[in-house]
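**Student:** Questions regarding the structure given below will be posed in turn.
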Amino acid sequence: MNCIDKDILQRYLDGEMDPDQKAQVDKHLKECQPCRIQLELLQTRAVHIKKALKNLSDKEVVIPPLSSMVDGKRSVIESKELQHKNASGNGWKPVTRLFYGIAVACAIILLFLYTPWTKPEESQDVIQMQAVIQEVDANRPYSEQETVITVIDPDGKVTYLK
Amino acid sequence: MSQNSLLLRLSINAFNQLRTFEEIYTENYARLHNVAVKMVGDRENASDIVQEVFIGLYEKLSGGTVVLYLNTYLYRATLNKCFDCMNRQKRYSTLEIVPEDSVEDGSLESRERKVVIRRALSKLKPVERAILIMYSEDFSYKEISDATGIRFSSVGKTLARTLDKMENQLKSQRYELY
(Lines give C-alpha, C1' and ligand atoms only; values in the text may rest on other atoms or scores of the structure.)
Protein backbone atom coordinates (compact mmCIF):
# COMPACT_ATOMS: atom_id res chain seq x y z
CA MET A 1 0.00 0.00 0.00
CA ASN A 2 1.25 3.48 -0.87
CA CYS A 3 2.15 5.93 1.88
CA ILE A 4 -0.39 8.55 2.94
CA ASP A 5 -0.31 12.16 1.70
CA LYS A 6 0.57 14.90 4.11
CA ASP A 7 -2.82 16.62 3.82
CA ILE A 8 -4.65 13.38 4.66
CA LEU A 9 -2.42 12.91 7.71
CA GLN A 10 -3.15 16.51 8.67
CA ARG A 11 -6.89 15.84 8.54
CA TYR A 12 -6.38 12.63 10.49
CA LEU A 13 -4.56 14.34 13.33
CA ASP A 14 -7.11 17.16 13.41
CA GLY A 15 -9.91 14.62 13.69
CA GLU A 16 -11.53 15.88 10.48
CA MET A 17 -12.08 12.56 8.77
CA ASP A 18 -15.07 10.30 8.28
CA PRO A 19 -14.96 6.98 10.20
CA ASP A 20 -14.32 4.77 7.15
CA GLN A 21 -11.36 6.81 5.97
CA LYS A 22 -10.04 6.99 9.53
CA ALA A 23 -10.17 3.21 9.84
CA GLN A 24 -8.15 2.89 6.61
CA VAL A 25 -5.53 5.33 7.87
CA ASP A 26 -5.38 3.54 11.24
CA LYS A 27 -4.79 0.25 9.46
CA HIS A 28 -2.04 1.73 7.31
CA LEU A 29 -0.33 3.40 10.25
CA LYS A 30 -0.11 0.08 12.09
CA GLU A 31 1.88 -1.34 9.21
CA CYS A 32 3.91 1.66 8.05
CA GLN A 33 6.61 3.12 10.28
CA PRO A 34 7.60 6.09 7.97
CA CYS A 35 3.97 7.29 8.04
CA ARG A 36 3.89 6.97 11.84
CA ILE A 37 7.03 9.10 12.07
CA GLN A 38 5.59 11.60 9.59
CA LEU A 39 2.37 11.83 11.63
CA GLU A 40 4.37 12.41 14.79
CA LEU A 41 6.35 15.19 13.10
CA LEU A 42 3.19 16.83 11.80
CA GLN A 43 1.63 16.68 15.24
CA THR A 44 4.67 18.25 16.92
CA ARG A 45 4.81 20.96 14.27
CA ALA A 46 1.11 21.76 14.61
CA VAL A 47 1.35 21.96 18.40
CA HIS A 48 4.36 24.28 18.29
CA ILE A 49 3.00 26.58 15.59
CA LYS A 50 -0.33 26.80 17.41
CA LYS A 51 1.50 27.64 20.63
CA ALA A 52 3.65 30.26 18.92
CA LEU A 53 0.57 31.91 17.38
CA LYS A 54 -1.38 31.76 20.64
CA ASN A 55 1.45 33.68 22.33
CA LEU A 56 0.90 36.56 19.91
CA SER A 57 -2.23 37.58 21.78
CA ASP A 58 -1.34 36.50 25.30
CA LYS A 59 -2.88 39.60 26.89
CA GLU A 60 -6.33 39.10 28.33
CA VAL A 61 -9.01 40.70 26.17
CA VAL A 62 -10.97 43.38 27.98
CA ILE A 63 -14.49 43.45 26.59
CA PRO A 64 -15.63 47.08 26.36
CA PRO A 65 -19.10 47.68 27.82
CA LEU A 66 -21.85 47.41 25.26
CA SER A 67 -23.10 50.89 26.16
CA SER A 68 -19.87 52.41 24.76
CA MET A 69 -20.55 50.71 21.44
CA VAL A 70 -24.19 51.81 21.48
CA ASP A 71 -23.10 55.41 22.11
CA GLY A 72 -20.63 55.16 19.25
CA LYS A 73 -23.35 53.72 17.07
CA ARG A 74 -25.77 56.50 17.97
CA SER A 75 -23.29 59.07 16.73
CA VAL A 76 -22.94 57.08 13.51
CA ILE A 77 -26.72 57.04 13.07
CA GLU A 78 -26.95 60.77 13.77
CA SER A 79 -24.23 61.61 11.27
CA LYS A 80 -25.93 59.41 8.66
CA GLU A 81 -29.24 61.20 9.26
CA LEU A 82 -27.50 64.56 8.97
CA GLN A 83 -25.90 63.52 5.67
CA HIS A 84 -29.28 62.39 4.39
CA LYS A 85 -30.84 65.70 5.41
CA ASN A 86 -28.06 67.68 3.71
CA ALA A 87 -28.36 65.59 0.57
CA SER A 88 -32.08 66.36 0.32
CA GLY A 89 -31.52 70.14 0.18
CA ASN A 90 -31.47 71.40 3.74
CA GLY A 91 -34.96 70.10 4.40
CA TRP A 92 -36.79 72.55 2.02
CA LYS A 93 -39.96 71.36 0.38
CA PRO A 94 -39.72 70.85 -3.42
CA VAL A 95 -42.32 73.61 -4.13
CA THR A 96 -40.39 76.12 -2.05
CA ARG A 97 -37.15 75.15 -3.79
CA LEU A 98 -38.81 75.65 -7.23
CA PHE A 99 -40.16 79.06 -6.18
CA TYR A 100 -36.75 80.25 -4.96
CA GLY A 101 -35.11 78.90 -8.12
CA ILE A 102 -37.47 80.83 -10.41
CA ALA A 103 -37.01 84.01 -8.36
CA VAL A 104 -33.22 83.82 -8.62
CA ALA A 105 -33.39 83.14 -12.39
CA CYS A 106 -35.70 86.20 -12.90
CA ALA A 107 -33.36 88.41 -10.89
CA ILE A 108 -30.39 87.37 -13.04
CA ILE A 109 -32.33 88.04 -16.29
CA LEU A 110 -33.45 91.52 -15.07
CA LEU A 111 -29.93 92.36 -14.02
CA PHE A 112 -28.68 91.35 -17.46
CA LEU A 113 -31.35 93.37 -19.36
CA TYR A 114 -30.93 96.62 -17.39
CA THR A 115 -27.18 96.72 -17.18
CA PRO A 116 -26.05 99.99 -19.00
CA TRP A 117 -23.72 98.60 -21.61
CA THR A 118 -21.09 101.20 -22.87
CA LYS A 119 -18.45 100.74 -25.51
CA PRO A 120 -14.97 100.52 -24.11
CA GLU A 121 -12.92 103.71 -24.68
CA GLU A 122 -10.34 103.60 -27.43
CA SER A 123 -6.82 103.22 -26.26
CA GLN A 124 -4.79 106.44 -26.10
CA ASP A 125 -1.42 104.70 -26.03
CA VAL A 126 1.16 105.82 -28.58
CA ILE A 127 2.75 102.97 -30.37
CA GLN A 128 6.26 103.64 -31.46
CA MET A 129 8.37 101.43 -33.62
CA GLN A 130 12.00 101.47 -32.80
CA ALA A 131 15.09 99.75 -34.00
CA VAL A 132 18.62 99.81 -32.63
CA ILE A 133 21.40 99.98 -35.17
CA GLN A 134 24.64 99.11 -33.56
CA GLU A 135 27.86 97.88 -34.94
CA VAL A 136 29.87 96.16 -32.33
CA ASP A 137 33.64 96.16 -32.48
CA ALA A 138 34.78 93.66 -29.95
CA ASN A 139 38.29 95.18 -29.79
CA ARG A 140 37.10 98.64 -28.65
CA PRO A 141 35.94 99.50 -25.08
CA TYR A 142 32.16 99.77 -24.60
CA SER A 143 32.37 103.54 -23.73
CA GLU A 144 33.86 104.31 -27.15
CA GLN A 145 31.22 102.49 -29.12
CA GLU A 146 28.26 104.34 -30.70
CA THR A 147 24.63 103.28 -30.44
CA VAL A 148 21.97 104.74 -32.78
CA ILE A 149 18.26 104.27 -31.94
CA THR A 150 15.76 104.90 -34.75
CA VAL A 151 12.23 105.85 -33.59
CA ILE A 152 9.31 105.96 -36.08
CA ASP A 153 6.12 107.71 -34.85
CA PRO A 154 2.65 106.51 -35.88
CA ASP A 155 2.60 109.58 -38.23
CA GLY A 156 5.70 108.28 -40.02
CA LYS A 157 8.17 110.79 -38.53
CA VAL A 158 11.63 109.24 -38.12
CA THR A 159 13.95 110.27 -35.26
CA TYR A 160 17.51 109.05 -34.71
CA LEU A 161 18.74 108.96 -31.11
CA LYS A 162 22.47 108.62 -30.45
CA MET B 1 -37.61 53.27 23.33
CA SER B 2 -34.05 53.55 24.63
CA GLN B 3 -31.12 51.91 22.89
CA ASN B 4 -30.60 49.47 25.75
CA SER B 5 -34.16 48.20 25.75
CA LEU B 6 -33.90 47.75 22.00
CA LEU B 7 -30.77 45.67 22.53
CA LEU B 8 -32.54 43.47 25.01
CA ARG B 9 -35.42 42.89 22.67
CA LEU B 10 -33.27 41.78 19.75
CA SER B 11 -33.15 38.09 19.20
CA ILE B 12 -31.82 35.61 16.71
CA ASN B 13 -33.66 32.70 15.28
CA ALA B 14 -30.67 30.40 14.77
CA PHE B 15 -31.48 26.77 15.41
CA ASN B 16 -34.51 27.97 17.38
CA GLN B 17 -32.31 29.73 19.88
CA LEU B 18 -33.39 33.12 21.09
CA ARG B 19 -30.49 35.23 22.23
CA THR B 20 -30.10 38.88 23.02
CA PHE B 21 -27.56 41.03 21.27
CA GLU B 22 -25.74 41.47 24.55
CA GLU B 23 -25.27 37.70 24.93
CA ILE B 24 -23.94 37.42 21.39
CA TYR B 25 -21.59 40.32 22.05
CA THR B 26 -20.21 38.95 25.32
CA GLU B 27 -19.83 35.39 24.02
CA ASN B 28 -17.99 36.27 20.82
CA TYR B 29 -16.06 39.46 21.48
CA ALA B 30 -12.85 37.95 22.92
CA ARG B 31 -12.43 35.27 20.26
CA LEU B 32 -13.13 37.71 17.41
CA HIS B 33 -10.70 40.16 18.95
CA ASN B 34 -7.96 37.51 19.17
CA VAL B 35 -8.38 36.64 15.50
CA ALA B 36 -8.34 40.31 14.50
CA VAL B 37 -5.23 41.11 16.59
CA LYS B 38 -3.28 38.27 14.99
CA MET B 39 -4.49 39.24 11.53
CA VAL B 40 -3.76 42.98 11.60
CA GLY B 41 -1.10 43.07 14.30
CA ASP B 42 -2.30 45.80 16.63
CA ARG B 43 -4.95 46.01 19.27
CA GLU B 44 -6.35 49.40 18.35
CA ASN B 45 -7.21 48.40 14.78
CA ALA B 46 -8.49 45.03 16.02
CA SER B 47 -10.86 46.71 18.49
CA ASP B 48 -12.15 49.03 15.75
CA ILE B 49 -12.72 46.08 13.43
CA VAL B 50 -14.62 44.05 16.01
CA GLN B 51 -16.72 47.07 16.95
CA GLU B 52 -17.59 47.69 13.28
CA VAL B 53 -18.59 44.03 12.92
CA PHE B 54 -20.96 44.26 15.87
CA ILE B 55 -22.40 47.56 14.64
CA GLY B 56 -23.04 45.85 11.29
CA LEU B 57 -24.77 42.97 13.03
CA TYR B 58 -26.80 45.37 15.15
CA GLU B 59 -28.01 47.22 12.06
CA LYS B 60 -28.93 43.96 10.35
CA LEU B 61 -30.89 42.75 13.35
CA SER B 62 -32.64 46.04 14.01
CA GLY B 63 -33.55 46.16 10.29
CA GLY B 64 -35.39 42.88 10.76
CA THR B 65 -32.87 40.60 9.00
CA VAL B 66 -32.59 37.12 10.46
CA VAL B 67 -29.01 35.91 10.70
CA LEU B 68 -29.17 32.14 10.67
CA TYR B 69 -25.48 31.34 10.76
CA LEU B 70 -24.30 33.79 13.31
CA ASN B 71 -20.73 32.53 13.75
CA THR B 72 -20.18 32.37 10.01
CA TYR B 73 -21.44 35.93 9.68
CA LEU B 74 -19.27 37.23 12.51
CA TYR B 75 -16.02 35.58 11.42
CA ARG B 76 -16.49 36.27 7.74
CA ALA B 77 -17.23 39.94 8.46
CA THR B 78 -14.21 40.16 10.76
CA LEU B 79 -11.87 38.56 8.23
CA ASN B 80 -13.13 40.79 5.42
CA LYS B 81 -12.53 43.88 7.53
CA CYS B 82 -9.08 42.55 8.45
CA PHE B 83 -8.26 42.07 4.76
CA ASP B 84 -9.34 45.68 4.08
CA CYS B 85 -7.22 46.90 6.96
CA MET B 86 -4.19 44.91 5.73
CA ASN B 87 -4.61 46.41 2.25
CA ARG B 88 -4.66 49.89 3.76
CA GLN B 89 -1.54 49.13 5.79
CA LYS B 90 0.19 47.86 2.67
CA ARG B 91 -0.85 50.93 0.66
CA TYR B 92 0.41 53.43 3.20
CA SER B 93 3.64 51.70 4.07
CA THR B 94 6.15 50.17 1.73
CA LEU B 95 8.20 48.93 4.65
CA GLU B 96 7.68 45.50 6.08
CA ILE B 97 5.01 45.80 8.73
CA VAL B 98 5.98 44.56 12.14
CA PRO B 99 3.33 46.25 14.28
CA GLU B 100 4.16 47.71 17.63
CA ASP B 101 1.95 45.16 19.32
CA SER B 102 4.81 42.73 18.77
CA VAL B 103 7.18 44.80 20.83
CA GLU B 104 5.02 45.38 23.86
CA ASP B 105 5.88 44.36 27.40
CA GLY B 106 7.70 41.11 28.01
CA SER B 107 11.21 39.78 28.07
CA LEU B 108 13.55 40.59 25.21
CA GLU B 109 13.55 37.01 24.03
CA SER B 110 9.77 36.80 24.06
CA ARG B 111 9.52 40.10 22.14
CA GLU B 112 12.02 38.91 19.55
CA ARG B 113 10.11 35.68 19.10
CA LYS B 114 6.90 37.61 18.55
CA VAL B 115 8.55 39.81 15.95
CA VAL B 116 9.83 36.74 14.10
CA ILE B 117 6.40 35.08 14.15
CA ARG B 118 4.75 38.27 12.91
CA ARG B 119 7.29 38.58 10.12
CA ALA B 120 6.69 34.97 9.09
CA LEU B 121 2.91 35.55 9.16
CA SER B 122 3.28 38.67 7.02
CA LYS B 123 4.92 36.55 4.29
CA LEU B 124 1.75 34.46 3.92
CA LYS B 125 -1.17 35.33 1.68
CA PRO B 126 -4.10 36.91 3.57
CA VAL B 127 -6.27 33.81 3.21
CA GLU B 128 -3.44 31.54 4.36
CA ARG B 129 -2.89 33.79 7.32
CA ALA B 130 -6.59 33.61 8.16
CA ILE B 131 -6.59 29.80 7.94
CA LEU B 132 -3.55 29.47 10.17
CA ILE B 133 -4.85 31.92 12.75
CA MET B 134 -8.26 30.27 12.91
CA TYR B 135 -6.53 26.90 13.21
CA SER B 136 -4.46 28.19 16.12
CA GLU B 137 -7.69 29.32 17.78
CA ASP B 138 -8.99 25.73 17.54
CA PHE B 139 -11.67 26.35 14.94
CA SER B 140 -13.01 23.32 13.11
CA TYR B 141 -12.43 22.82 9.36
CA LYS B 142 -16.12 23.60 8.79
CA GLU B 143 -15.83 26.93 10.59
CA ILE B 144 -12.61 27.77 8.72
CA SER B 145 -14.28 26.90 5.43
CA ASP B 146 -17.36 29.02 6.21
CA ALA B 147 -15.36 32.04 7.31
CA THR B 148 -12.72 32.06 4.58
CA GLY B 149 -14.85 30.81 1.70
CA ILE B 150 -12.45 27.92 0.92
CA ARG B 151 -14.15 24.67 0.00
CA PHE B 152 -14.49 22.33 2.97
CA SER B 153 -12.74 19.50 1.10
CA SER B 154 -9.73 21.77 0.42
CA VAL B 155 -9.18 23.02 3.96
CA GLY B 156 -6.92 20.07 4.97
CA LYS B 157 -4.72 20.42 1.90
CA THR B 158 -4.47 24.23 2.15
CA LEU B 159 -3.78 24.02 5.87
CA ALA B 160 -1.00 21.42 5.41
CA ARG B 161 0.65 23.64 2.75
CA THR B 162 0.29 26.74 4.87
CA LEU B 163 1.86 24.97 7.84
CA ASP B 164 4.76 23.94 5.56
CA LYS B 165 5.19 27.55 4.45
CA MET B 166 5.07 28.85 7.98
CA GLU B 167 7.58 26.27 9.14
CA ASN B 168 9.96 27.21 6.31
CA GLN B 169 9.56 30.91 7.04
CA LEU B 170 10.35 30.36 10.70
CA LYS B 171 13.32 28.16 9.84
CA SER B 172 14.68 30.78 7.43
CA GLN B 173 14.64 33.25 10.31
CA ARG B 174 16.37 30.76 12.58
CA TYR B 175 13.39 30.43 14.85
CA GLU B 176 13.64 27.33 17.00
CA LEU B 177 10.22 25.79 16.65
CA TYR B 178 10.92 22.56 18.54
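**Student:** Explain nothing, just the number: dipole magnitude of the range B:117-178 about its Cα centre with +1 on each Lys and Arg Cβ and -1 on each Asp and Glu Cβ, in debye rounded to the nearest 20.
**Tutor:** The dipole magnitude comes to about 360 debye.
**Student:** Still on this structure, please answer the following. If you take the charge dipole of the range B:106-169 about its Cα centre, with +1 on Lys and Arg Cβ and -1 on Asp and Glu Cβ, which of B:Ile144, B:Val155, B:Leu124 is farthest toward its positive end?
**Tutor:** It is B:Leu124.
**Student:** Let me ask another. Just to confirm a number: summing +1 for Lys and Arg and -1 for Asp and Glu over residues other than A:His48 whose beta-carbon lies under 11 angstrom from that of A:His48, what do you get?
**Tutor:** Net charge in that neighbourhood comes out at +2.
**Student:** What accessible surface, in Å², does a 1.4 Å probe find on B:Met166, ignoring ligands, DNA and RNA and rounding to the nearest 10?
**Tutor:** 0 Å²
The values are calculated or read from the model by the stated rules, or taken from the named source; none is laboratory data. Note that the structure is predicted; figures quoted are calculated from it, not measured. Note that we place each Cβ from the backbone using ideal geometry, even for glycine, and neighbour counts take in every protein chain shown. Heavy atoms of the whole protein, side chains included, go into the accessibility calculation; ligands, DNA and RNA do not. Shrake-Rupley method; radii C 1.70, N 1.55, O 1.52, S 1.80 Å.
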